[in-house]
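Read-outs throughout are calculated quantities, based only on the coordinates presented, and are distinct from any laboratory measurement. Predicted model, so just to flag it, every value in this text is computed and none were measured. Every residue, glycine as well, gets a Cβ built from its backbone with ideal geometry; the counts of neighbours run over all protein chains shown.
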Amino acid sequence: MKENLMDIICCPLDKHDLELDVTERDDEEILAGTLTCTECGETYPIEDGIPNLLPPDMRDEAPA
Amino acid sequence: MSLGDVGVFHRFARAYDRLMYAADPETLRVGLTLAEGPVETLLDVGGGTGRASRALDVPRPVVVDAARGMLREARGHGLATVQGDAARLPVADESVDAVLVVDALHHMGDVDGVIAAAERAVRPGGVLVIREFDPTTLRGRGLVAAEHLVGFDSQFYAAEALRDRVAAGGFDASVPDRGFGYTVAGVKPS
């Protein structure tokens, strides 16, 4: 994902802003990291450049 | 919350892109042009491999899907992707100009929840555009039978029924394109 996606994405649970923590980057692309809700503290992974913002109750059901 | 047909899609992502209808951009544009003001940021919800986003000339499409396999394909085409639930969209209030749901609503368990999530995400004057198949047409009845045969738990709506549900969700709703495939558009009052 590109960093400007932060302009629109939010926590799927309470719709509050997310804090970005990047662990792997390739030029403009964020390949790995986490997004943490500034309100409820829920953490969402970014893997292979795709942020997983499924609500936690769907995250475990969804195919990896 | 039901995942609907997500697992099936994950397994068939590649084959799906070859088999399904190419999204005809004209049938989507007739809905998008109803928006007041320009459509720049567009959420392609249930967008899968991003066929509709690729067919349209919108500056900033973002593909949202619950199935990760589909999103990998979309990302491979250079599209912005977010794994998320259509009924609990992970985007800020009034942050997008348009929400598009192309050939996907019949796979979603909570249609009113999807419409409500779109209403929250779209700015005033923005538009929700849904492309669906009409089950009351002859070809539609065949499609319903075929989807159930391959294991999809699909629920199809006739054009007027879906328009009424979009209207009930707070949109000024219309059916700008009719037929076996039809388009329902809803403009968020500004």
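What to note about this one:
- Filter result (in contact with a Cys (Cβ under 9 Å, 6 or more places away or on another chain) and of a type outside the set (Val, Ile, Thr)) within the stretch A:13-49: A:Leu13, A:Asp14, A:His16, A:Asp17, A:Leu18, A:Glu19, A:Leu35, A:Cys37, A:Glu39, A:Cys40, A:Glu42, A:Tyr44
- Screening B:Gly169, B:Gly113, B:Gly142, B:Gly125 for residues that are on the phi > 0 side of the Ramachandran plot and out of contact with any strand residue (DSSP E or B) (no Cβ under 6 Å at 6 or more places or on another chain) leaves exactly one candidate, B:Gly125.
- Candidate set: the stretch B:76-104, residues that are within 11 Å of the chain's Cα centre (by Cα) and surrounded by fewer than 24 Cβ atoms within 10 Å (Cβ to Cβ); chosen: the one nearest to the other protein chains (Cβ to nearest Cβ): B:Ala104
- The stretch B:92-190 holds strands (runs of 3 or more DSSP E) entirely within its bounds, and those carrying 2 or more residues that are over 19 Å from B:Gly37 (Cβ atoms) and among the charged types (D, E, K, R) map to B:122-133.
One line per residue, one yes/no per condition, for (1) at the interface with another protein chain (Cβ under 7 Å from one of its Cβ atoms); (2) in a strand (DSSP E or B); (3) buried (at least 17 other Cβ atoms within 10 Å of the Cβ):
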residue	(1), (2), (3)
A:Pro12	yes, no, yes
A:Val22	no, yes, no
A:Leu35	no, yes, yes
A:Glu39	no, no, no
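- Test result for B:Phe152, in contact with a Lys or Arg (Cβ under 9 Å, 6 or more places away or on another chain), at negative phi and either of a type outside the set (Gly, Ala, Ser) or buried (at least 16 other Cβ atoms within 10 Å of the Cβ) (or both): no
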